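Comments concern the structure below.
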Amino acid sequence: MKKNILFLGMFIILSSIIMGQDKYPRLLEKVDVAKIWHSTPGTIPENTVGYDPIVADIINQTNLDSLISYVRILTGEDSVWIGSTKVLLQNRGSSGSDLAADYLIQKLGSYNLNVEDQTYSNTGRNIYAVQQGYLYPEKQFIICAHYDAVDVYCADDNASGAAAVIEAARILSKYDFKYTLIYALWDEEEIGLVGSNYYASQAASKHDQIQGVLNMDMLAWDGNNDNLLDIHTQNTANSNDIANLMVIVNWLYELQLNPIIYNPGTWQSDHSSFWNYGFGAVLLIEAYYGGDLNPCYHGIEDRIDKFNLPYFHKLSKLSMGTISTLLEATQDTLLASITPDIGYQTYPSNVKIKGVNTHFLEGSGTQQVWLSKAQETIVADSFIVNSNTILNAYFQIPALAPLGPWNVNVECSIDGIVTKVDCFNILPPPAIIVVNPDSIVVGVLPGSTITKTLTINNQGPSNLYFDIRGGFSSTNYALQFDGINDYVEVPDNPELSAMGSEFTLEFWIKVEEYPNTTQEVLGKWGVGWTEDDEYCINIHPSGIFEVGISGVSGETIRANVLSNPIQTQIWTHIATVFDGNTHSLKIYTNGVLIATENTNIILMDRDTGQPFRMGTYDFDYYPYFKGQLDEVRIWNVARTQDEIQTFMNEQLTGTKTGLLGYWCFDEGIGSNSFDKTINANHGSLHNGVNWVNSLTPMKPGWFFINVDSGVCLPNTSIDIELLFDATEVDTGDYYASIIINNSDPFSPSVIVPIQMIVSTLVGVEDRPEIPIAFKLEQNYPNPFNPSTKINWQLPVSSWQTLKVYDILGNEVATLVNEEKPAGRYEVEFETSSSIQHLASGIYFYQLKAGSFVETKKMILLR
C-alpha cells in the first residue's frame, strides 16, 4: 500500500483528461444576460464604449470563405503546402500535431508577424505570434484557441476557434494598436490544458502585463438557429469587464446574437489557465450549456459540413470586434515611439523614430527632424528614412541644452508636422568608467594568499554607481546524467538522514527537456514505498517539481502546491527547507520563496540505512533523471532566505555550521565525487555519469572581493582589493572574471578576466604580458578631440584588422591590418589632415582577429 508522503511542489494543477460530453460538465445554472448586466430589461448597461468605424470596418472584413478554408485545411478536408511538401492535416492529436503546428507557423508568418514556436515538452508545442503595440508595447491582450484534437477532423472542437485566430491575424496585422496583441494557438488542451497552463505560468513568472485573454472554443454549432452563445467569466481581474464588452459589441454592431453569461463560468478550457495566475480572461463558446449540444462532439462526424456557417461567421465577428475594441485601433497620424528616449548634454544621440500612419518616404519625403522645448530647438544633423513609418535621426546635444523632456518633431510633405510631446529626456553628462588593469594574471604559492588592487576611475561629471560580482569560473564542473541508468551513490550515513527538527537540501539543476513521465532526481529512499523512506526530489512532465519528506514511524502526509514550473536548458537553484519549529516545508527557486506547506509532521528519529543517491534514489519507482546537477548540499539546520540568497552563488569550504554533506563536483575527472565536509561522505559514479564544464553562476572559491558595490564621485577613483587564496586548491591555472555593472550608459558592464597560477616554483611572478583572452578596450579619452587611444589584447597570434566606421557603416580609417603575435597593443586614432573632414558624432571601431570580432562606440567632439 502506498504511503501518503508530504509532497510540496512547484505543481501546476491540470484538468483531467475528459472525453465525450463530460469535457464541459453541465454543472452551472444558465443565467439570462438581462439578470446580470441590464439595469432594466431590454437595455444595455451604462458604458463609455461608442460606435467606432474602424472596429466596424474590421468586423466587416471578417470573411466566411477564409474561415472555411482554414477549417478545411486544419481538419484534413483540403491539402496544404508546408514549405515544399504538400500534406493533409488528418490528425491534430499527438501523432499529427507537429504538422499542424508547422502550418500555423507558416500561416501566421505570412502576415509579417513575429512567430514563436514554444516547445515545452517532447509532445507539446504552443504557436503564437506577437504584434507589438505602438503606445503600450509592454501591455498585452491575447486572442487564442487550442489547435489540438482528440480524433480526426474535429472541426467544431476546435478547428473553428483556431480558424478564428488565423482570421484575426489576417485582418488585424494590418492595423496599429495601442497595446500588443498576441495570437496564440495552444497545444494539448484536450489532455488537461497543458499548453496554455505552461504559457500562463511562464507569463506570470516573467511578470508579463497581460491585460485580457479572449479564448475561443467551439464556435460553429447552432442546431436550432437561436443564435445563443455562452460567455464564461468569473471575478478575476477584468474578466467581467471583457464579458460585458462582448455584450456591448454585439449590440453596437448589430450582430444579432443572443449572449448568455455564466459567472462563475466553466474551468474546462484554456481561459482558466490564466485565471489560475490572476489574469482576466473569458471563454466564447457556442451554447453548450444552453441545451444545444453538438451531437458530433468528439466524434468522427465532427466535420465542417455540420457547421451552421452564418452562426460561425457571427461569432468570429464578435471576437474580432471585441479584441479590436480592447486594443484601440487608430487611423491617426502620429509618432508612436522614440528609441532611445534619453540623451546627454555634450554627447550625440542616434534616435529611432517610429510613426503610425505616417508617410516619411512618399511625396517629396521628410524635410526636417528636430527637438523642441519652449523656444529652444535642436535640429538633427542628419537623418535616414528607412520606410514610411521608420527613420533614424542623429542629434548633437549641446552642452547647455536645457534639461528635462523635449518634444520630437518630424515634417514631411504629406503629413505636415507630426509631434510627440515630452518624449525625449535630456540629462546631464553621464559618468564614464575606466577600469585598471583590464585583466589580471597573478602567481600564488600553494597554501598561501596574495592581494591585488583593481582601480575604478570615473572620468565623467556625474556619480558612477557600480556593483561588482565574481564571474564564472572555468574550473567549475557539473555532473551530466543520461536518464538511462547512471547515478551517484553515497553510502548510508546517519548524518545524511532527515532527522531532528530542521533540514535543508539545496542544489543547482539543469533540465534538458521535460520528461514524458516523472523522473527521480535525488533522494534517500527505500526501494518502492516502504518504512525506510526519508526524502526525495522528483521532476514531472511540464516542469512540475516535487519534494517528498517522510515522517517518524511511517507517519506521512501528502500535499501539492501550485507554482511555476522549472525551465529547461537553464540552471536553476532549488532549496527545500523543513522547519519543525514553525511546522513548515518551503521551496525556494533562485533564492525566492515560491511555495510553503504548513504541517505537523515530525521527521524521522532514526537512520533508515538507505544510501543517498543522485540521478535516481530507488532504481524502481520512476525512471532516472536526465540533465545536470551541481553544488548539492545537505544541512541539519533550516536555512533562512537570506542565507540561501547569500551563499547560493558561492562555493563553500565545507566548514559551515550545520553542513552535513557538500558535493561541488569540481573534480572534473575520475569515478568519485568527494564530500568537502569533514564527514567524508564521498560518492561513487556508476554507469557512465559524465563530468562536464558547468555554467552555474558560481563565484570561484579562490578569490574574494572586499567591496561589492559603491559610488565613485566625478573625476575620482576607488581601489578594490582582491584576495587570491591558494590554501585549498591544487597547483595549476585557475580562470574566472570580475563583472562590474555600472551607471555609465556607454559601458554599462565591464568584464575583467583573471587568472591565478598556483605553482611550487620559488619566486613565481605575475605574468601580465600574457593575455588570457581576446579583448578590445574602450578608447581613452572618450569623448575625444582631436585624438584618442585604442588598446586591445590577443592570447594567440593571428591576422588582425582594426577599422573605424561612421554611424552609417561607412569605413573612415584602417588603423591595423597585419599579423601580430599574442600580446597587448595600443594605437592612436588621430583626426589628422587625411580625415579632418570627420564631423562631431558617434563612430565605431571594430577589431577582427581570427574568429574574434568586437565593436565599440566612441564619440568625437569638435
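FYI, it's all coordinate maths here, none of it is from the lab. Keep in mind the model is a prediction, meaning the values are calculated, not measured. Note: ideal-geometry Cβ built from the backbone for every residue, glycine included; neighbour counts use all protein chains shown.
Values as computed for the structure displayed
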| read-out | value |
| --- | --- |
| Percent of beta bridges antiparallel (DSSP, segment 33-330, rounded to nearest 5) | 50 percent |
| Whole-angstrom gap from segment 184-233 to segment 377-450, using each part's C-alpha centre | 42 Å |
| 5 angstrom amide H check on Gln368, placed H, neighbours 5+ away | Glu411 |
| Theoretical ellipticity at 222 nm over the chain - DSSP helices of four or more residues, -39500 (n - 2.57) apiece, nearest 500 | -3500 deg cm²/dmol |
| Which of Ser439, Asn63, Thr333, positive extreme of dipole for the chain (C-beta unit charges) | Thr333 |
| Size of electric dipole in segment 486-692: Cβ of Lys, Arg +1 and of Asp, Glu -1, about Cα centre, debye, nearest 20 | 340 debye |
| Burial ranking of peptide ranges 220-228, 837-845, 659-667, 150-158 (average Cβ count within 10 Å, highest at the top) | 150-158, 659-667, 220-228, 837-845 |
| Sequence-distant lysines (8 or more away, or on other chains) whose Cα lies within less than 18 Å of Lys452 | Lys699 |
| Only Lys, Arg (+1) and Asp, Glu (-1) charged, at Cβ; the chain dipole about Cα centre in debye | 1600 debye |
| Cα-centre dipole for segment 334-427 with unit charges at Cβ (Lys and Arg positive, Asp and Glu negative), debye to 20 | 160 debye |
| Projected-area mean, segment 486-692, by convex hull of Cα positions, square nanometres | 10.4 nm² |
| Cα pair count fraction exceeding 36 Å, expressed as % - segment 33-330 | 8 percent |
| Cut-off under 5 Å, modelled amide H: who pairs with Val444 long-range | Ile757, Val758, Ser759 |
| Among 323-336, 106-119, the order from most to least packed when residues are scored by Cβ within 10 Å on average | 323-336, 106-119 |
| Percent RCO, i.e. relative contact order, over the chain, from Cα pairs under 8 Å lying at least 6 residues apart | 12 percent |
| D_trans [Stokes-Einstein, Kirkwood Rh over alpha-carbon pairs] for segment 265-420, 37 °C, 0.692 mPa s, µm² s⁻¹ | 162 µm²/s |
| Tail fraction, Cα-Cα pairs, the chain, threshold 36 Å, whole percent | 61 percent |
| Mean Cβ neighbour count within 10 Å, used as a protection proxy, ranking 681-693, 131-143 highest first | 131-143, 681-693 |
| Centroid-to-centroid separation of segment 501-522 and segment 81-152 [C-alpha atoms, Å] | 31 Å |
| Considering only the chain, percent of DSSP beta bridges that pair antiparallel, nearest 5 | 85 percent |
| For Ile182, Ile450, Ile634, order by how many other beta-carbon atoms lie within 10 Å, fewest first | Ile450, Ile182, Ile634 |
| Where only C-alpha atoms are counted, convex hull volume of segment 302-377 per residue in Å³ | 217 Å³ |
| Hull volume in cubic angstrom per residue (convex hull over the Cα atoms of segment 668-738) | 146 Å³ |
| Fewest-first sequence of Ser737, Ser364 by Cβ atoms within 10 Å of each Cβ | Ser364, Ser737 |
| Cα lying deepest toward the dipole's positive end in segment 33-330, options Tyr153, Pro310, Leu255, charges on Cβ | Leu255 |
| Order of Ser694, Ser749, Ser69 - criterion: other Cβ atoms within 10 Å of each residue's Cβ, fewest first | Ser749, Ser69, Ser694 |
| Leading residue at positive end of dipole, the chain (Cβ point charges), from Asn386, Ile353, Leu860 | Leu860 |
| Semi-axis lengths (Å, descending) of the ellipsoid that matches the C-alpha gyration tensor of segment 83-204 | 24, 17, 12 |
| Kirkwood-based shape ratio for segment 140-218, expressed as Rg/Rh from alpha carbons | 1.00 |
| Residues whose placed amide H lies under 5 Å from that of Tyr347, excluding near-sequence neighbours | Ile397 |
| Estimated translational D of segment 768-862 in µm²/s (Stokes, Kirkwood radius over Cα pairs; 37 °C; 0.692 mPa s) | 241 µm²/s |
| Principal axis box of segment 334-427, alpha-carbon based, largest edge first, Å | 37, 21, 19 |
